[in-house]
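> One structure, pasted below without further comment.
The values are calculated or read from the model by the stated rules, or taken from the named source; none is laboratory data. The structure presented is a predicted model; accordingly, all values stated were derived computationally and were not measured. All Cβ positions, glycine included, derive from the backbone under ideal geometry; neighbour counts span all protein chains shown. What goes into the accessible areas is simple: the full protein's heavy atoms, side chains included, and nothing from ligands, DNA or RNA. Shrake-Rupley method; radii C 1.70, N 1.55, O 1.52, S 1.80 Å.
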Amino acid sequence: MKITDVEVILLTKELSAPLRNAKQAPRRRVAALVRLHTDDGISGLGESWCDPEQAQAIILGRLRPLLLGEDPFNVERIWRRAFDGSAMYDPKGAFVAGLSGVDLACWDIMGKALGQPVCKLIGGLCRDRIPAYASDLHWQEDPVAMARDAARFVENGFKLVKTHLGCEPEDDVRRVRALREAIGPDVGLMVDINTGFDRPTATRFGRRISEFDIYWYEEPLSPVDVDGLAVVRAATGLPIATGENEYTRYGFRHLFECGGVDVAMPDIARAGGITEMKKICAVAEAFGVPVSPHNYSSGVCSAATLQVMAATPSTGPLEWDTVDASIVDELFVEPPHVRDGYVSVPQLPGLGVELTNEVRAKYGA
Ligand SMILES: [Mg+2]
């Protein structure tokens, strides 16, 4: 089998209200999808999580020449050739995200060609449903409105709820209090700062919220201040989660060596694809760090994340968009069931995703 063509499809979904966190307030969700075509008629879908125009330029300009004529089953060779060719200048960032999308599409093709879900090719179906957390609680002015949303996630069966805070560090403690009261003592509450604090602010805020039984304190610092995570952890006593801005097994090894990470959060559409995600999980396991993959883009990223988590028992929980702010269900051939805080693993060949003409017309440029 040979790759005959490479396509990038950019999708945009406008939102009714901005999704506000400590660093940004996007009014639209975007996705850069990769489609690889082969000479025997099978095509595969992937996704690159970075600036969509950058992904497009990298995939079509730099990766396409390496891919044409290659067998998608030689995914390790494809990955290695692309990464080695860029490692001097682009060992992280948009290039690796572009490669991630290509990697996902190769695995989708392999699964389709063999008539098997991707999980069966990378370790097998260790579990057919994955524990998940609700990941849609963005910062709002009114703590009561946030508390109402959090309570609804719990009513819908989630045992874990994450919120984005840090827009008003001196005032956000009352939002944490309102959320804890709304969800009760038995539901886990994660607090995500989206890299918005410096060390003193992260320490002061973390100490103030520690009385509310915080499940994890996510990305309190800039992604370049990896040494600071251990400082914040020691000063607050809170478990630290981070990694959505990190790349490859090499980046995660360094992160773990710095000693401030309790939960690793690689993104499969960014950190290197399925091929690299399995290696990151192995490195994390050797360091005794659980992996809770970052999963906040389209249904293609969600589908790939589910397949890896099904085959990798040391991972969890799964980040899940419960309000469909992005384009998730419409990209699945059969959307997964979400019940009692678990998301089912689709068992169709490949990743179980498709890009219909209807969806393309609805969200495409
Ligand atoms: Mg996050």
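> For the stretch 261-278, in order, what is each residue's ³J(HN,Hα) by Karplus, 6.51 cos²θ - 1.76 cosθ + 1.60 with θ = phi - 60°, in whole Hz (x at glycine and Pro)?
10, 9, 9, 9, 10, x, 9, 5, 8, 9, 7, x, x, 5, 4, 7, 4, 4
> Further, regarding this structure: List, in order, the whole-Hz ³J(HN,Hα) value for each residue of the stretch 110-119 obtained from phi through the Karplus relation with A = 6.51, B = -1.76, C = 1.60 and θ = phi - 60°; use x for Gly and Pro.
4, x, 5, 5, 8, x, 10, x, 4, 4
> Another question, if that's okay. Non-local amide H neighbours of N156 (under 5 Å, H modeled in plane, Pro and chain starts lacking H): which ones?
none
> Could you give the length gained on full extension between D40 and K23, defined as 0.36 nm per residue of separation minus the Cα-Cα distance, in nm?
Residue separation times 0.36 nm, minus the Cα-Cα distance, leaves 1.6 nm.
> Right, next: If you take every residue apart from E14 with its C-beta less than 9 Å away from the C-beta of E14, what net charge results, scoring Lys and Arg +1 and Asp and Glu -1?
Result for the local shell: +4.
> Tell me the mean residue ellipticity at 222 nm calculated for the chain from its helices only (DSSP H runs of n ≥ 4, each -39500 (n - 2.57), averaged over every residue, nearest 500).
-11000 deg cm²/dmol
> Whose amide H sits under 5 Å from the amide H of V353, counting only residues 5 or more places off or on another chain, with H placed in the peptide plane?
V333
> Sticking with this structure for a sec: Say the dipole of the stretch 121-351 comes from +1 at the beta carbon of Lys and Arg and -1 at that of Asp and Glu; which of V191, G251, P346 then lies farthest toward its positive end?
G251
> I've got another one for you. Hey, if we sort K23, K92 by accessible area with the 1.4 Å probe, largest down, what's the order?
Heavy-atom accessible area, descending, gives K23, K92.
> Another question, then. Only Lys, Arg, Asp and Glu count, each charged at its Cβ (+1, +1, -1, -1), so figure out the dipole size of the chain about its Cα centre, rounded to 20 debye.
300 debye
> Between C258 and S344, how many nm apart are label points set 7 Å from Cα along the C-beta direction?
Each label point lies 7 Å from its Cα, and together they span 4.1 nm.
> Between R249, R28, R175, which gets the highest mean-square fluctuation from a Gaussian network model of the chain, Cα cutoff 10 Å?
Ranking R249, R28, R175 by mean-square fluctuation puts R28 first.
> Further, regarding this structure: At what distance in nm do the modelled label points of R77 and S16 sit from each other, each positioned 7 Å from its Cα along Cα→Cβ?
The modelled label-to-label distance comes out at 5.2 nm.
> Sorting W49, W139 by accessible area (1.4 Å probe), largest first, what list results?
W49, W139
> How many percent of DSSP beta bridges within the chain run antiparallel, rounded to 5?
50 percent
> Please list, in order along the stretch 60-66, the HN-Hα scalar couplings obtained from phi with the Karplus expression 6.51 cos²θ - 1.76 cosθ + 1.60 (θ = phi - 60°), rounded to whole Hz, x for Gly and Pro.
7, x, 10, 8, 3, x, 6
> Using 0.36 nm per residue of separation minus the Cα-Cα distance, give me the extension gain between A57 and R360 in nm, one decimal.
Stretched fully, the A57-R360 segment lengthens by 107.1 nm.
> Could you list which residues have their amide H under 5 Å from that of V343, counting only those 5 or more apart in sequence or on another chain, with H placed in the peptide plane?
Result for V343 returns I130, A132.
> With springs only between Cα atoms under 10 Å apart, run a GNM on the chain and tell me which of V343, V102, V118 wobbles the most.
Most flexible of the set in this elastic network: V343.
> Could I ask something else about it? Report the residue, chosen from G188, G288, G299, that carries the largest GNM mean-square fluctuation when the chain is represented by alpha-carbon nodes joined by springs under 10 Å.
Checking each option, the largest mean-square fluctuation is seen for G288.
> Using +1 on the beta carbon of Lys and Arg, -1 on that of Asp and Glu, and nothing else charged, what's the dipole of the stretch 3-115 about the Cα centre, debye to 20?
Once rounded to the nearest 20, the dipole reads 660 debye.
> Averaged per residue, what accessible surface does the stretch 3-115 expose to a 1.4 Å probe, in Å²?
About 43 Å² of surface per residue is accessible.
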